[in-house]
Structures are given as C-alpha cells and as structure tokens.
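**Student:** Can you keep this structure in mind? I'll have questions shortly.
The values are calculated or read from the model by the stated rules, or taken from the named source; none is laboratory data. Keep in mind that this is a model prediction, so the values were computed, not measured. Using ideal geometry, Cβ is built from the backbone for each residue, glycine included, and neighbour counts are taken over all protein chains shown.
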Amino acid sequence: MITILNQKIRNQQLYKALTQIYGININLAVKICKFLGYNKNKKLKDFTTEQLTWLKHYIETMYKREIGSAKRQKVILDVEHLITIKNYRGVRHVRKLPVRGQRTHTNGKTQKRMHRVGKNQATPTQI
C-alpha cells in the first residue's frame with residue numbers, strides 16, 4: 001500500500017489504483033500513466049520506489065487543488081453557498097429532497113432515506 005494525498009491505495013493495476021483517490025476517474029488515471037510513461041496495467045507492487053515517488057510528486061503538484069480533500073472541501077463549500085443565497089438547489093439540499101429534477105411522487109425515497117434522522121439524534125433545526 002502506498003499513500004498519496006493522505007489516501008491509502010491498495011495494490012491493483014495502476015489505473016484502477018489511482019481511481020481510489022477522490023477526484024480521479026479512469027480517464028484522468030490513464031492520462032497520468034501516459035504522461036509518466038508507465039504501463040497502466042502494471043501492479044503497484046511491481047513499481048520501484050523511485051517510480052512511485054515520481055508518481056506521488058506528479059499527482060501532488062499537478063492536481064493538488066482538483067483532487068482529494070481539497071475537492072471534497074470545494075463541493076461542501078459550493079453546497080453551502082447555494083444554501084446561503086437561497087437558490088432552488090440549495091433549498092432542495094436543506095429539505096433533503098432530490099436536487100437534479102427527479103420526481104418525488106414515486107421516487108426520491110432513497111434521498112429521504114439517506115438523510116433520515118433517528119429518534120435520539122438531533123435534527124438539523126436543533127443544531
């Protein structure tokens with residue numbers, strides 16, 4: 001296991017292993033492999049420490065703001081911004097309803113179930 005941007009990555013093929021980092025999809029992983037000249041199907045355990053160091057350095061310098069915890073924080077701030085300006089999407093987030101136009105008469109139960117509050121838990125209005 002190696003660690004990139006505080007994310008432990010399991011021993012898999014390189015392009016699959018890179019997708020474990022939040023914000024890196026398969027296309028970006030293949031692009032990173034091509035840029036560094038690494039075989040995308042090679043397992044992580046077969047790389048030398050020098051190659052892994054180059055991989056870590058490249059990802060941390062080129063994509064620092066676009067992946068990992070920085071991306072998670074950006075998504076959270078974007079949702080909070082929608083809520084503060086009382087945008088329609090922000091209101092849907094507050095009410096814990098589907099945001100992207102899905103119907104709620106027969107669907108939307110998954111979204112409601114994900115944000116269900118138990119009897120002993122504090123509701124969002126109590127916090």
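**Student:** Could you please find all residues in segment 4-20 being touching a strand residue (DSSP E or B) at 6+ places or on another chain (Cβ under 7 Å) and outside any loop (DSSP other than H, G, I, E, B)?
**Tutor:** I9, Q13, A17
**Student:** Which one is nearest to L5 (Cα to Cα), of the residues in segment 26-63 that are exposed (fewer than 12 other Cβ atoms within 10 Å of the Cβ) and within 19 Å of the chain's Cα centre (by Cα)?
**Tutor:** T61
**Student:** Condition first: crowded, with 16+ Cβ neighbours inside 10 Å and within 24 Å of I76 (Cα to Cα). Now tell me which residues in segment 10-25 satisfy that.
**Tutor:** Listed by number, the residues that qualify are L18, T19, I21, G23, I24.
**Student:** Only one of (1) surrounded by fewer than 14 Cβ atoms within 10 Å (Cβ to Cβ); (2) in a loop (DSSP other than H, G, I, E, B) fails for V75. Which number is that?
**Tutor:** Against the list (1) surrounded by fewer than 14 Cβ atoms within 10 Å (Cβ to Cβ); (2) in a loop (DSSP other than H, G, I, E, B), V75 comes up short only on (2).
**Student:** Let me ask something additional. Looking only at residues in segment 54-100 that are polar (S, T, N, Q) and at pLDDT below 90, which one is nearest to N25 (Cα to Cα)?
**Tutor:** Checking each candidate, the answer is S69.
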